[in-house]
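What follows is calculated from the coordinates using simple rules that are stated; it is not laboratory data. Since we're looking at a predicted model, the values are computed, not measured. As a convention, Cβ positions derive from the backbone with ideal geometry for all residues, glycine included, and neighbour counts pool all protein chains shown.
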Amino acid sequence: MDFRTIIQIPRSDIPVTHSSRILLLGSCFSTHMGQQLLQHKFRIDMNPFGILYNPFSISRAIGRLLKAIPFSEADLVYHNGLYHSLMHHGDFSDVDVHTCLQKINDRFEHAAGKIRHITHFFITFGTARAYRWGESGDIVGNCHQIPADRFIPVRLSVEKIVEEWISVIVSIKKENPHARFLFTVSPVRHWKEGAHENQLNKSILHLAIDTLQQYFPDEVRYFPAYELMMDELRDYRFYGNDMMHPSSQATAYIWERFSETFFLEETRSINAEWAQIRNGLDHRPLHPESASFAAFKAALSHKLEVFAARNPEISCEEERNLLQSK
């Protein structure tokens, strides 16, 4: 007898390989998936604006990257002793305006230089709840604890999200006709406005993505991370201490299902081989000067070189340096 409902996810016809160039944008869940991809040696760029939650903030970030317009002091606000960008996460804020801009623009230039070569955009929508900056009417990516009366709360509609993202996808495809878009809805519940509001917002996101799939049947796919969390992993033992975010065990399971969906057998084989090498690199010897550890290093170095020769699209220089430093 089976005591849980299993989400049936068909193998995607848009595979992700180690030759793919991937940009992940969106909520903290996109960061979790990005970290997994990074650990498995995929070529990724991850949240160059920091964590973003609503579809318009993510689309504005992509639009800015495509235009390659750097940020200036006019793009910042000053509050509570810090300079902030309303398009960025608080990780970029700083007490010094020049340091703040340098952090923003260094990261921005790195991502803008790559965006026209991205093959897979991995987009995670968190909520349809958004906030407009009262002075301009622009939807912000982060409120930075600025007083609420300086913002106008809005609930984005399905129609507006679809209209915005049709424009984004068309713009990207003009630059790169082969780009593909993998959407998901964050399994993290946004509880601040209450349970009902959270469900309404998640429903809007689902409907918007479904409509985008109909507009772009060859380019857009959906991965059901939200459904996996709500159905297969509905027990609270799969949540973190805040009872909102997935636990590390839940994230690992969703990664497994992601792998089954988007990775070819060859890619999964490469991942398994790399996991063995990574485990070896993580090894901390009790006696680093011993002959046994020298033999271990030599064997691991051989494995690394064989792997690198067989997979030239994967850079192993960092791991070579790490092994030499042991």
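Numerical summary
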quantity	calculated
Per-residue [θ]222 nm for the chain (sum of -39500 (n - 2.57) over DSSP H runs n ≥ 4, rounded to 500)	-14500 deg cm²/dmol
Segment 237-242 - phi-based ³J(HN,Hα) in whole Hz, Karplus 6.51/-1.76/1.60, Gly and Pro as x	5, 9, 10, x, 5, 7
Overall dimensions of the chain as given by Cα atoms, namely Rg and Dmax in Å	21.5, 68
Folded to 0 to 90 degrees: helix 195-215 orientation relative to the chain principal axis, Cα	80
Likely footprinting exposure, 237, 180, 150, fewest C-beta neighbours within 10 Å first	237, 150, 180
Over 21 Å (Cα to Cα) - which of 303/326; 174/202; 114/173; 41/103; 67/173; 41/173 fall in this group	174/202; 41/103; 41/173
Whole-Hz couplings from phi, Karplus 6.51/-1.76/1.60, listed for segment 97-102; x for Gly and Pro	5, 6, 5, 4, 5, 5
Sequence-distant residues sharing a close amide H with residue 239 (under 5 Å, placed H)	247
Amide H contacts under 5 Å for residue 87, placed H, 5+ residues apart	141
³J(HN,Hα) computed for each position of segment 73-85 - Karplus, 6.51 cos²θ - 1.76 cosθ + 1.60, integer Hz, glycine/proline x	4, 5, 8, 9, 10, 10, 8, 6, x, 10, 8, 10, 9
Between segment 32-61 and segment 221-243, the alpha-carbon center distance in angstrom	19
DSSP beta bridge pairing in segment 21-263, given as percent antiparallel to the nearest 5	40
Nearest-ten-degree value, helix 28-39 long axis tilted from longest Cα axis of the chain	20
For segment 76-235: rounded, prolate or oblate by the Cα gyration tensor [a/c cutoff 1.5]	oblate
Which of 230, 243, 87, 46 has the fewest Cβ neighbours within 10 Å, and the rest in rising order	243, 230, 46, 87
Separation between Cα centres of segment 85-110 and segment 299-318, rounded to whole Å	35
